[in-house]
1. According to a simple spin-label model (label point 7 Å from Cα along Cα-to-Cβ), what is the distance in nm between B:Arg51 and A:Arg168?
2. What does the charge count around B:Ala170 come to, taking other residues whose C-beta lies under 15 Å from its C-beta (Lys +1, Arg +1, Asp -1, Glu -1)?
3. Among DSSP beta bridges lying fully in chain B, give the percent that are antiparallel, nearest 5.
4. Restrict the search to the stretch A:1-79; then list the GluC sites (Glu not before Pro) that DSSP places in a loop and that have at most 14 other Cβ atoms within 10 Å of their Cβ.
5. Using alpha carbons only, how many degrees (0 to 90, rounded to 10) separate the axis of helix A:75-84 from the longest principal axis of chain A?
6. So for the stretch B:157-284, averaging the separation of alpha carbon pairs under 8 Å that are six or more residues apart and normalising by length, what relative contact order in percent results?
7. With a 10 Å cut-off between alpha carbons and a GNM built on chain B, which of B:Ala282, B:Ala170, B:Ala261 moves the most?
8. In the calculated pair distance distribution of the stretch A:99-145, what percentage of Cα-Cα distances lie above 14 Å?
Amino acid sequence: MMHSDIKSRPVYQPLVPDLAGGRHLLVVEGETLAAGRLEELAGVFAPVQARLHTWLAGAAAPLGGLGKLWQLESAADVVDALACASRGYGVGDRLYVQGTEPFLWSVATAAAVIGFGEKQVQLYHAGSLRRRVWCTHCHGMTEGVTTSIVACGGCGRHLLVRDHFSRRLGAFMGVMVDAEAPGEIPAIEEVFA
Amino acid sequence: MTGETLKLKVAALADIAPGLRHVRLVAADGGKLPPAAAGAHVQLALAGAARTYRNAYSLVSRPGARDAWEIIVRRVPTSRGGSAYIHECLQVGEVLEAGWPGNLFAPVRTARRQLMIAGGIGITPFLSYLAEFAFSGVEHALHVCCRESEQQVFDPWLAGRPGVSWYWDADGHRLDIPALLAAQPAGTHLYLCGPAAMNEEVLAAAAAAGWPDTHVHCEHFGSALSGGEAFRAFLARSGVEVEVGEDESLLDAIERAGVNAPCLCRGGACGVCATPLLEGEAEHRDHFLSAEERAAGLLIMPCVSRARAGRLVLDL
């Protein structure tokens, strides 16, 4: 994770089961699983294993200890499954998510839609630093951004990727980098690999 | 109507049940009242025989109403004087001084479902909630714990409203609070207003069921909280020493001495009256200061809190 002076930049913490919670849902983006991480999670979540469901997106689960295990293909499937579970979760339940930032916020915003409050959700960033970028000019989203400047997938403007973050959109702000001097694009660096 | 206080005229009085009086208030100058939203309260100055009492009452009138405000007042056996005055002395046509409406108990309008639990006269803030929720269409339920005989009392405000359930103290009629709280979908917000024992029971049950505290909202009754042993307080900036009687609050005594102290709810909830405590140990009875702030001993809420022992010195 990158730290920043920008106040809207989220700060992530390790996942710790909240024993006050009723049922617990752990959602993990498979590509962010370093060797031994699943075993580590199984240990951390052992106290709530009887009330735990784990959704693994894009990875196979070789071990037990993670409650009732479900395998999903992608973040989009996680979002769909949460939407379908609209009435299935209670105000005492807890959600834990591990993944890249676009994954974390796809899940967090989908959970907010079905009523999860901020204090019911824990987010832990792992893996790539790639960003979802929201264009302040055309309001289009550009996914998988790893560079300091990116061509907007919506309008094509060259956007400077900022640390300003929107929890509502689950995306970083991108502003036109050559608005004052058209065509003058600073060097593009790979900074969010 | 502008200015620091409002002048309200009593337009109608009605005893709607033993110990329950309904009061309809209009602007004394015949104009419009400021609008108040669901959950709002108004503070009335009631001139008792010995002194002036200032009590806050929930508005039960329709949210936004500007022609009249309505309150329902229960006669408290150990009354500080305010409810006794309203039940025994208040007359139609009388003009009362009142504060502007405040709201420390507004519903969370982003909630997916609104769950309300009332104990007795604690139903009053929810009468305005129900009017709002009926209008907005948000899913809601009100659970009222009261005497069996009091169910019909609130019919004029509840008539035809769905989602109201009644409970009283008899086998088969008690509210199963843990079962109710365990069955609520994500996105539910809980509001409770009732006697301290009921509030504590519901708060404990909510915590045990894993409710985040951001989703639990409690309005406490303030009136019975403020009395206790008499003590003295010195107001350092004013150079005044006040004697706080057994049946009055520190705030009452400060006001009686003619010292201006800001306040809003008079029930230890809003934090407006928080006053620096220079010397002495406070017995904290409010719901505003955190455990850390209480331990630090630098602030006191004079509307409900008192001296633990000896004399207090306030920066006032």
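1. Going from the A:Arg168 label point to the B:Arg51 one covers 4.9 nm.
2. Neighbour charge sum, excluding B:Ala170 itself: -3.
3. Here the antiparallel bridges make up roughly 60 percent for chain B.
4. Values: sites: A:Glu29, A:Glu31, A:Glu39, A:Glu40, A:Glu73; in loops: A:Glu73.
Here the sparse-neighbourhood loop sites are A:Glu73.
5. The angle comes out near 60 degrees.
6. Once divided by the residue count of the stretch B:157-284, the mean separation gives 15 percent.
7. B:Ala170
8. 57
Bear in mind these aren't lab numbers, they're just calculated from the coordinates by the rules spelled out. Everything numeric here is computed off the predicted structure, so don't read it as measured data. Counting neighbours? That spans all protein chains shown, and the Cβs are built from the backbone with ideal geometry, glycine included.
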